[in-house]
Amino acid sequence: MNEYDSERIYDIAKKINYEKSKDFNEINCYVLNTCHIREKATEKVYHDVGRLKKVFRNKKKPIVIVTGCVAQAEGEILLKRETYIDAVIGPQSIHRFNEIITKIEKKYKKVNSTHFDVIDKFDTLKLIKNLNNKISSFLTIQEGCDKFCKFCVVPYTRGPEFSRSIQELVNECNELVDNGSKEITLLGQNVNAYNYNGEKLSDLINKISKIKKLKRIRYTTSHPIDFTSDLIDAHQSSDKLMPLIHLPVQSGSDKILKSMNRKHNIEDYLNLIKKLKKTNPKVKFSSDFIIGYPGETEEDFNATLKLLKEVEYINTYSYLYSPRPGTPASKLKKIEESVMKKRLLIFQKFAGEIKMKYKKSLINKELLVLFENKVKGKNEFFGRDEFSNSVIVKSDENLVGKIEKISIINGNQNTLFGVTKNQDRKEFAA
Ligand code: SF4
């Protein structure tokens, strides 16, 4: 979502003649778009600004703006502690970027813009052309969250659930496709809670599936309780909807899910997976896990490992629990750090084995790969298959923007290497 916001900030700033800089030493404005989901996010801001100060010690100071969720959560503190920062802009105020930068240029006082004016934001953004011309683009369709998982800052930093108008989104999809995008990932903190005057995520998917030059649609991140039957059906009815579903679960233990206020249990979650597989047997899953949440016992952790085995996720994102200031979970007693770390290692080793087994199963198979870019300095092209697996192919022909059937020759946990149907299999000795 921050990547989408960064691109949109650039689209806005371009209106007052700001350009992306090619040389860091020559910048006159530095925008740090931040994420608050991980530990030490605020410290990272001070560190990055400190680095910037060193570079510009004997030069004219650039305008320094911190945007994103750290700005939202800690705006006033940032401005007081680091006077080099000129403005903090929360994620719901990025549309005010030009007005704020003009104030700073005119030597007004420091600016703290952290209101939740999300309607105003998208009303402004819809009038500004999306200039992103990547083969695979992001599009924010929904923001905020009403779920209040006890460990999460999103409901406080991004505000309540808000869905953009479906027509506005179809228009922006058309813009992106006209710019050259072949794949669009629909984004939302709770993307499947999307609801605009009764039109849901499945309606949006069905509408944009009709855009001829758009070849692939993805969406992230879903909450299991918002996975309604129409969305399950879309995985059968839209052949543009990719079969990898990111479905965060966080823990395999009902006790921990309850304590996290996740609003579903493991039985509900597995039933949903069963329904999705029945609707489209091709689908596979990835997920997020928090290891060492307060109160997690060996038994709870083993339940998480059991779930990992049962679902056979092809990708997992796992983190040690870290308390976010202001969240209810931050008041709970943490379990011992050494225990958490040991569990994370066990989890990641097991998840890695499952992933490796899956990647190995793809060797000698043919995958449909959409190529996104040329690898810098090499005659190689990077793309992704339907399940978002990274694939690299050597080629003299420009493959960017094409979907090709690729035979996989070898690979590791992160990347697969393959050849096009016209190439000799020995050609890729990775
Ligand atoms: S559903 Fe996701 S975004 Fe919402 S509170 Fe829970 S973890 Fe945070």
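Values for this structure:
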read-out: Strands (runs of 3 or more DSSP E) within the stretch 332-418 that include 1 or more residues closer than 19 Å to Leu244 by Cα and touching a residue at least 40 places away in the same chain (Cβ under 8 Å); value: 366-374, 380-384, 403-411
read-out: Helices (runs of 4 or more DSSP H) within the stretch 76-184 that include 2 or more residues of a type outside the set (S, T, N, Q), more than 16 Å from the ligand (Cβ to nearest atom) and in contact with a His (Cβ under 7 Å, 6 or more places away or on another chain); value: 118-125
read-out: Residue ID - modelled with the lowest pLDDT, chosen from residues in the stretch 18-63 that are loosely packed, with under 11 Cβ neighbours inside 10 Å and within 20 Å of Tyr4 (Cβ to Cβ); value: Arg38
read-out: Answer from Leu344, Leu305 - the residue that is more than 24 Å from the chain's Cα centre (by Cα) and modelled with pLDDT of 95 or more; value: Leu305
read-out: Sole residue being surrounded by fewer than 17 Cβ atoms within 10 Å (Cβ to Cβ) and in contact with a helix residue (DSSP H, G or I) (Cβ under 8 Å, 6 or more places away or on another chain), chosen from Leu131, Leu125; value: Leu131
read-out: Selected residue (criterion: farthest from the ligand (Cβ to nearest atom)) from residues of the stretch 258-279 that are basic (Lys, Arg) and without any contact (Cβ under 8 Å) to a residue 60 or more places away in the chain; value: Lys278
read-out: Per-region count, the stretch 308-341, residues over 25 Å from Val70 (Cα atoms), under 24 Å from the mean Cα position of the chain (by Cα) and among the aliphatic types (A, V, I, L, M); value: 3
read-out: Enumeration of residues in the stretch 237-257 that are at pLDDT 95 or above and more than 14 Å from the ligand (Cβ to nearest atom); value: Lys240, Leu241, Met242, Pro243, Leu244, Ile245, Gly252, Ser253, Asp254, Lys255
read-out: Yes/no for Tyr194 being closer than 30 Å to Gly401 by Cβ and either buried (at least 23 other Cβ atoms within 10 Å of the Cβ) or within 16 Å of the ligand (Cβ to nearest atom) (or both); value: yes
read-out: Residue list for the stretch 155-176, restricted to those being surrounded by fewer than 22 Cβ atoms within 10 Å (Cβ to Cβ) and out of contact with any strand residue (DSSP E or B) (no Cβ under 8 Å at 6 or more places or on another chain); value: Pro155, Tyr156, Pro160, Gln167, Glu168, Val170, Asn171, Asn174, Glu175
read-out: Subset of the stretch 351-375 [under 29 Å from Ser137 (Cβ atoms), of a type in the set (D, E, K, R) and over 24 Å from the mean Cα position of the chain (by Cα)]; value: Lys365, Glu366
read-out: Scope the stretch 215-226; condition more than 17 Å from Thr140 (Cβ to Cβ) and either touching a strand residue (DSSP E or B) at 6+ places or on another chain (Cβ under 9 Å) or not assigned by TED's automatic domain parsing to the domain that holds Ile141 (or both); matching residues; value: Lys215, Arg216
read-out: Residues located in the stretch 291-331, provided they are assigned to a strand (DSSP E or B), within 19 Å of Lys150 (Cα to Cα) and of a type in the set (Val, Ile, Thr); value: Ile291
read-out: The stretch 380-403, subset among the charged types (D, E, K, R) and buried (at least 22 other Cβ atoms within 10 Å of the Cβ), residue farthest from the chain's Cα centre (by Cα); value: Asp385
read-out: Matching option when the condition is surrounded by fewer than 16 Cβ atoms within 10 Å (Cβ to Cβ), in contact with a helix residue (DSSP H, G or I) (Cβ under 6 Å, 6 or more places away or on another chain) and over 28 Å from Pro160 (Cα atoms), among Lys207, Lys275; value: Lys275
read-out: Some residue of the stretch 354-361 being surrounded by 15 or more Cβ atoms within 10 Å (Cβ to Cβ) and within 26 Å of Arg38 (Cβ to Cβ); value: yes
read-out: Residue pairs meeting the criteria (Cβ under 6 Å; at least 6 apart or on separate chains; first over 14 Å from Glu183 (Cβ atoms), in the stretch 202-227; second of a type in the set (Gly, Ala, Ser)); value: Ser202/Ala234; Asp226/Ala193
read-out: Hits in the stretch 214-230 - residues which are more than 16 Å from the ligand (Cβ to nearest atom) and of a type in the set (A, V, I, L, M); value: Leu214, Ile217
read-out: Yes/no for Ser229 being touching a strand residue (DSSP E or B) at 6+ places or on another chain (Cβ under 7 Å) and in the same structural domain as Gln142 (by TED's automatic domain parsing); value: no
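For (1) in a loop (DSSP other than H, G, I, E, B); (2) without any contact (Cβ under 8 Å) to a residue 12 or more places away in the chain; (3) on the phi > 0 side of the Ramachandran plot, each residue gets a yes or a no:
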| position | (1), (2), (3) |
| --- | --- |
| Val31 | no, no, no |
| Arg38 | yes, no, no |
| Val49 | no, no, no |
| Asn58 | yes, yes, no |
| Ile65 | no, no, no |
| Ala71 | no, no, no |
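The values are calculated or read from the model by the stated rules, or taken from the named source; none is laboratory data. None of the values given here were measured: they were computed from a predicted structure. So basically every Cβ, Gly included, is an ideal-geometry build from the backbone, and we count neighbours across all protein chains shown.
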